[in-house]
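Data first, discussion second: the structure below is written as structure tokens.
The values are calculated or read from the model by the stated rules, or taken from the named source; none is laboratory data. The structure presented is a predicted model; accordingly, all values stated were derived computationally and were not measured. Heads up, the Cβs are rebuilt from the backbone with ideal geometry, glycines too, and the neighbour counts pull from every protein chain shown.
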Amino acid sequence: MSTDLTTTPATAEALAAVFRRVLEREDVTADSDFFDLGGDSLVATRVLSAVARAHGVELAFEDFLLAPTPAGLARRIAAAA
Amino acid sequence: MNEDDGPGTPTRSAVVVGAGLAGLTAATGLAAHGFAVTVLEARERVGGRTHGIAAAPGVRIDAGAAYLGDRHTELNALAAELCLKTTPTTMLGASRFALSDADDRPATSDGRFPPLDAVALGDLFERLAELTDAVRPDAPWLTPDAERLDALTAAEWAERHLTHPDARLFFPLFLGEMCAADPADVSVLHLAFYLRSGGGLRYLNAFAGGAQQDRIAGGAHQLCERLAAPLGTAVRLGEPVRAVHQDDRSVTVRTDRGAYRAEVAVLALPPLLADAIEYRPALPQPRSGEHTARGCAVKVHLVHPAPLWRDHGLSGWSVNARGPLLSTVDDSPEDGIGVLTGFVTGAEAHRFGALTPERQRAEAVEQARRLFPMLPEPLGVHITDWLADPYSRGCYAALLGPGDWTRIGPALTAPHRRVHWAGTETSTAFFGLMEGAVRSGRRVVAEVLARG
């Protein structure tokens, strides 16, 4: 996996913002687990939609399950880009 | 009928029409404030859109409204007051999905997520969330852009905005699950309002942590039975109301058996039924609009000796592109028989409702066999058609079509002189749910008391 060290933290922060928006809560960090914050599969698809719009990367639902944090998803996006 | 007791001791009086959750909540509240109350109910039972049917000796199951969640605070409080317990809706194990044309081989997957394009579904939910966030929950008719949103049906909206086939496939199924509507039946404003009113997309869709988290142990109909019991013979069954006449001094509610006069009347009915009554003086405007439709739900119960699907790692949850059972859920009572509930909703409910009972049963059993081939023939099959029910005219709730909210909304709870309005369709919070019914009953009690 090639991780772009300059863009991944920025991507993680952008994803944390998406988490905050769809979960309607502010206490989200790069390592927050989406499901621990009350997220479910329906809300997860909204994150995947936002990722596709912002990054042009279509992640599968299984990708989300394997990396349900802003940092984890940022790494997946970097790997897929 | 309720004349003053005598000089100096006037008894305040109310006639409540409809012995569902809203009417009985109102009647109980008014009685507690000293009102002489008469409740007129068309059916030979109380309960309205809650109804317990016998699935096995001593076991009743919900043929109507069933679910509640933590945010349903008034309903939870009422259940506690009535010494009723709740039981969690069980959903452990894998789901079944028959969403492709290869209907005979349903897919199995963990959780509730359908094997469809996740980004396409995400686009759908992002669009729905945008609509939901924009709606004015307390007054949808005052939503910015209300006129435009109210002019468009959800079907027209989907046609314009949903491009991916998976989103187009899933949208009507989702709408059927959420509000028992066909997309052609509701305006975009109603869709957005309904989702917002129920707590938003996630809450309304969720079992654990959402609106389907719990059920009333032993059946939701017990709420109404226990509310009605202390009212005794004040609850008059088999008395469909024909007319409501009022003058400066009183209101008289007429049935085929008699006339009931009181200081105020509370009409706790779905809007289509409220509009079937004759009013003198006439209502300033009808309670329903040109396009208001019946909620399209037929509930099918398949009864097994135990929740056998759990032994096979299945939750009982399924979502299916073809009917009649568009979704199924495990509604088994605790520690007993297994009950698989099938939901027939939207346009499919109209088709299914027109079949003979034999044909309905055959179709339901055959589909369940394909979805859950490991299950034996069910011990019992119960079919409850709310669409055809003359004293509900639909379930879960009335569907507001184009133009309805902007026309009806402003007068949703406005009393017609001595006539006050209750029913889940008059509650902008948790519209269409039991919680909305209870809240409407509480609101109307406060309104009547405020008359002075």
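Brief remarks on what is shown
- Those residues of segment B:117-133 which are in contact with a Pro (Cβ under 9 Å, 6 or more places away or on another chain) and farther than 17 Å from B:LEU204 by Cα, in sequence order: B:ASP117, B:ALA120
- Tabulated pairs, segment B:196-209, first within 10 Å of chain A (Cβ to nearest Cβ), second hydroxyl-bearing (Ser, Thr, Tyr) and part of a loop (DSSP other than H, G, I, E, B), C-beta under 9 angstrom, 6+ apart or interchain: B:PHE207/B:THR89; B:PHE207/B:THR90; B:ALA208/B:THR89
- Scanning segment B:236-250 for residues that are among the hydroxyl-bearing types (Ser, Thr, Tyr), closer than 30 Å to B:GLY403 by Cα and either modelled with pLDDT under 95 or part of a loop (DSSP other than H, G, I, E, B) (or both) turns up nothing.
- Listed by position, the helices (runs of 4 or more DSSP H) inside segment A:14-81 whose residues that are touching a residue at least 24 places away in the same chain (Cβ under 8 Å) and within 12 Å of another protein chain (Cβ to nearest Cβ) number at least 2 are A:41-55.
- Segment B:261-314, residues that are basic (Lys, Arg) and within 21 Å of B:SER95 (Cβ to Cβ): B:LYS299, B:ARG310
- Flag for B:PRO373 being surrounded by fewer than 22 Cβ atoms within 10 Å (Cβ to Cβ) and either within 30 Å of B:HIS312 (Cβ to Cβ) or of a type in the set (Phe, Trp, Tyr) (or both): yes
- Meets criteria (small (Gly, Ala, Ser), modelled with pLDDT of 95 or more and either more than 23 Å from B:HIS190 (Cβ to Cβ) or surrounded by fewer than 21 Cβ atoms within 10 Å (Cβ to Cβ) (or both)) for B:GLY69: no
- Restricting attention to segment B:351-364 and to residues that are surrounded by 15 or more Cβ atoms within 10 Å (Cβ to Cβ) and in contact with a strand residue (DSSP E or B) (Cβ under 9 Å, 6 or more places away or on another chain), the residue that is farthest from B:LEU399 (Cα to Cα) turns out to be B:ARG361.
- Condition broken by B:GLY289, with the remaining ones in (1) modelled with pLDDT of 95 or more; (2) buried (at least 21 other Cβ atoms within 10 Å of the Cβ); (3) more than 14 Å from chain A (Cβ to nearest Cβ); (4) part of a loop (DSSP other than H, G, I, E, B) satisfied: (1)
- Residue that is modelled with pLDDT of 95 or more and closer than 30 Å to B:ASP311 by Cβ, where the choices are B:ALA80, B:ALA134, B:ALA151, B:ALA63: B:ALA63
- Residues that are under 23 Å from B:ARG49 (Cα atoms) and buried (at least 21 other Cβ atoms within 10 Å of the Cβ), drawn from segment B:246-277: B:VAL253, B:ALA265, B:VAL266, B:LEU267, B:ALA268, B:LEU269, B:PRO270, B:PRO271, B:LEU273, B:ALA274
- Those residues of segment B:88-122 which are within 19 Å of B:ARG168 (Cβ to Cβ), in contact with a strand residue (DSSP E or B) (Cβ under 9 Å, 6 or more places away or on another chain), within 12 Å of chain A (Cβ to nearest Cβ) and surrounded by 19 or more Cβ atoms within 10 Å (Cβ to Cβ), in sequence order: B:PHE113, B:PRO114, B:LEU116
- Among (1) surrounded by fewer than 24 Cβ atoms within 10 Å (Cβ to Cβ); (2) at negative phi - the single one B:GLY199 does not satisfy: (2)
- Hey, B:GLY209 at pLDDT below 95 and on the phi > 0 side of the Ramachandran plot or not: yes
- B:LEU231 being part of a helix (DSSP H, G or I), out of contact with any Gly (no Cβ under 6 Å at 6 or more places or on another chain) and within 14 Å of chain A (Cβ to nearest Cβ): no
- Exclusive hit being out of contact with any strand residue (DSSP E or B) (no Cβ under 8 Å at 6 or more places or on another chain), over 21 Å from B:ALA42 (Cα atoms) and part of a loop (DSSP other than H, G, I, E, B), set B:ALA388, B:ALA397, B:ALA446, B:ALA429: B:ALA429
- Members of segment B:145-166 that are of a type in the set (A, V, I, L, M), surrounded by 20 or more Cβ atoms within 10 Å (Cβ to Cβ) and touching a Gly at 6+ places or on another chain (Cβ under 9 Å): B:ALA146
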